[in-house]
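Note sheet for the following structure.
Nothing in this text is a laboratory measurement; each read-out follows from the coordinates by a stated rule. Just so you know, these numbers come straight off a predicted model, no measurement behind them. Every residue, glycine as well, gets a Cβ built from its backbone with ideal geometry; the counts of neighbours run over all protein chains shown.
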């Protein structure tokens with residue numbers, strides 16, 4: 001109740017946009033809270049009941065989804081993690097995420113630097129070419145990617161002509177290489193902009209100091225773009241962590257599955273074992289939520305900016 | 001300009017705006033150095049981009065012009081001309097899948113936009129305690145992988161042990177089996193898509209509303225405008241670019257829909273929820289008609305591009 005009183009009395013004076021004194025404003029405010037609260041319950045409720053379901057027995061589950069379990073069944077996680085192989089998928093997801101995020105950042109910084117700080121022939125064309133990655137969806141390249149990976153020379157039992165084996169299929173590379181390639185478009189765009197925003201005096205001063213372009217990039221400019229680098233790292237991480245179509249197509253061997261693909265087969269395997277499936281879902285859901293809560297400001301900004309990228 | 005248009009709309013909220021709006025021309029401030037230096041900086045990114053984006057994109061077009069069974073060596077592929085495309089246009093399964101994408105559009109585009117706009121308009125101009133919490137909570141489903149969303153909703157909507165039908169039955173309803181029902185499966189998948197996106201729309205709209213100058217509202221009030229008239233004549237026009245972002249992003253998601261559907265219905269029951277992306281993957285890797293799958297991929301990409309450009313043209317014109 002204290003909440004309601006505080007708001008009805010408080011903010012109307014400075015409420016610059018809305019008309020209506022005291023009472024009407026209080027009603028409006030209460031209504032806003034109601035709608036927002038409802039929207040939030042609908043948005044996160046499904047995840048919360050999933051987490052709750054993951055520590056129950058199947059019988060407890062049927063008794064009511066909001067009821068707390070008698071004994072918290074952490075064993076469900078053990079089963080999902082080891083018997084269901086989600087532990088391996090988790091490690092695969094981590095390997096691929098790191099393998100995509102780190103190189104993507106460095107390549108994007110270098111190419112963004114080239115466009116921001118150099119004048120050179122063909123720069124507009126090359127920039128446009130790289131930006132094609134923003135409009136071409138993965139679906140328009142995933143079929144040839146399978147064959148490109150299968151016939152990659154000198155790998156997976158292949159000879160120089162790409163015949164004889166499975167190439168890079170069933171390896172982390174089949175996920176890492178295309179996702180780095182898809183990330184550098186957005187990365188180049190954002191890093192170019194971040195470099196352009198650095199005051200020219202800073203750059204000129206370092207030129208006068210005789211620093212070479214390589215040192216200017218890594219010692220002076222790159223550290224100054226840290227907020228952007230952080231946002232990009234988060235975006236690349238989420239894209240990679242969530243990617244589903246690519247592993248579905250290029251990873252046949254479950255040994256290399258990442259979490260989303262792993263969860264799909266996991267679901268088919270444990271059909272009626274809802275608590276185990278819920279534990280598996282939580283294993284994907286929880287790390288993402290933690291990352292999101294820690295960096296929500298950068299993430300919301302980055303995602304709304306990069307929303308069009310498939 | 002086709003490369004920048006869709007992205008430029010997205011950039012209006014974030015930091016990208018300025019960069020994308022600016023032409024990709026040569027930078028004004030150059031560092032002295034050897035003439036080949038910028039090319040060296042570009043080389044790693046351009047190389048990997050060419051190999052794993054450029055080549056596959058061209059590859060899709062090439063594949064779409066051949067018949068290939070997916071099993072033999074690539075050299076066993078036979079030239080098909082435009083046969084795969086003409087096949088697509090006379091294939092009832094393709095039209096059925098395309099129709100399903102079309103039906104998804106109101107669910108993926110209009111529904112979340114409206115559901116995001118209403119709360120955004122309600123809290124506009126208020127200083128609400130905990131507004132950041134609401135923003136985070138509402139946005140959360142949007143960052144979750146489609147498979148996870150599918151798995152969660154498949155359980156919630158399960159006709160035997162799912163909580164949704166449990167509650168509905170206790171309330172005296174006789175609910176359908178949702179994802180397993182021939183009539184309800186597609187709308188259900190659509191509502192799940194709307195559920196995942198409305199928080200995103202809310203955040204975009206709210207950010208846009210904060211940029212509308214307050215004196216526009218004062219002017220409207222002096223003219224004696226009601227709250228609804230204010231909303232219609234000030235808020236909505238002020239949100240034009242945000243609406244363009246939301247509509248084009250949601251539209252792209254409707255046309256590309258894949259993950260959630262794969263995890264919930266896998267196109268079923270029957271083919272009731274089979275969308276183009278699903279049919280494309282099944283054609284290429286399920287029944288080994290690689291060329292045909294590639295043709296569907298090209299069609300899907302072209303349609304998506306054209307429709308999103310149209311959206312931006314429709315909403316985005318005239319600003320700046």
Practice problem: Per residue, how big is the convex hull around the C-alpha atoms of the range B:249-320? Give it to me in cubic angstrom, could you? | Solution: 92 Å³
Quiz item: Taking N as the number of residues in the range A:190-278, what is its alpha-carbon radius of gyration divided by 2.2 N^0.38 Å?
Solution: 1.83
Practice problem: Report Rg (one decimal) and Dmax (nearest whole number) for the range B:31-142, counting Cα atoms only, units Å. | Solution: 24.9, 67
Practice problem: On each of the three principal axes of the Cα atoms of the range A:62-126, give max minus min coordinate, whole Å, ordered largest first. | Solution: 70, 26, 16
Quiz prompt | Distance between the range A:49-76 and the range A:172-241 - C-alpha centres, whole angstrom | solution = 46 Å
Exercise. On a C-alpha basis, how far is the centre of the range B:258-320 from the centre of the range B:42-105 in Å? Whole number, if you could?
Key: 12 Å
Quiz item: Convex hull over the Cα atoms of the range A:76-305, averaged projected area in nm²?
Solution: 15.5 nm²
Quiz item: Most exposed first by the Cβ proxy, i.e. fewest other Cβ within 10 Å, how do B:292, A:265 rank?
Solution: A:265, B:292
Exercise. At 10 °C and 1.306 mPa s, grab the translational diffusion coefficient of the range A:17-173 from Stokes-Einstein with a Kirkwood Rh over Cα pairs, rounded to a whole number in µm² per second.
Key: 71 µm²/s
Self-check item: Semi-axes of the equivalent ellipsoid for the protein assembly as shown, Cα gyration tensor, largest first, Å
Solution: 38, 35, 24
Practice problem: Have a look at the range B:88-316 and give its Rg and Dmax from the Cα atoms, expressed in angstrom. | Solution: 20.4, 67
Quiz item: Which residue fluctuates the most in chain A, going by a Gaussian network model with Cα springs under 10 Å, if the choices are A:24, A:181, A:211?
Solution: A:24
Quiz item: Please state the relative contact order of chain A as a whole percent: Cα pairs under 8 Å, 6+ residues apart?
Solution: 26 percent
Self-check item: Over chain B, relative contact order from alpha-carbon pairs under 8 Å, at least 6 apart, %
Solution: 29 percent
Quiz item: What is the order of A:62, B:203, fewest Cβ neighbours within 10 Å to most?
Solution: A:62, B:203
Quiz item: 222 nm [θ] for chain A, helices only, -39500 (n - 2.57) per DSSP H run of 4+, per residue, to 500?
Solution: -21000 deg cm²/dmol
Quiz item: Looking only at B:267, B:59, B:130, which one moves most when chain B is put into a Gaussian network model with springs between Cα atoms under 10 Å?
Solution: B:130
Quiz item: What fraction, in whole percent, of alpha-carbon pairs in the range A:102-212 exceed 19 Å separation?
Solution: 59 percent
Quiz item: Contour minus end-to-end for residue B:133 and residue B:78, with contour as 0.36 nm per residue of separation and end-to-end as the Cα-Cα distance?
Solution: 14.0 nm
Quiz item: In whole angstrom, how long is each semi-axis of the equivalent ellipsoid of the range B:90-201, when you take the square root of 5 times every eigenvalue of its Cα gyration tensor and sort them from largest down?
Solution: 29, 21, 13
Quiz prompt | Residue-averaged [θ]222 nm for chain B, counting only DSSP H segments that reach four residues, each worth -39500 (n - 2.57) | solution = -18000 deg cm²/dmol
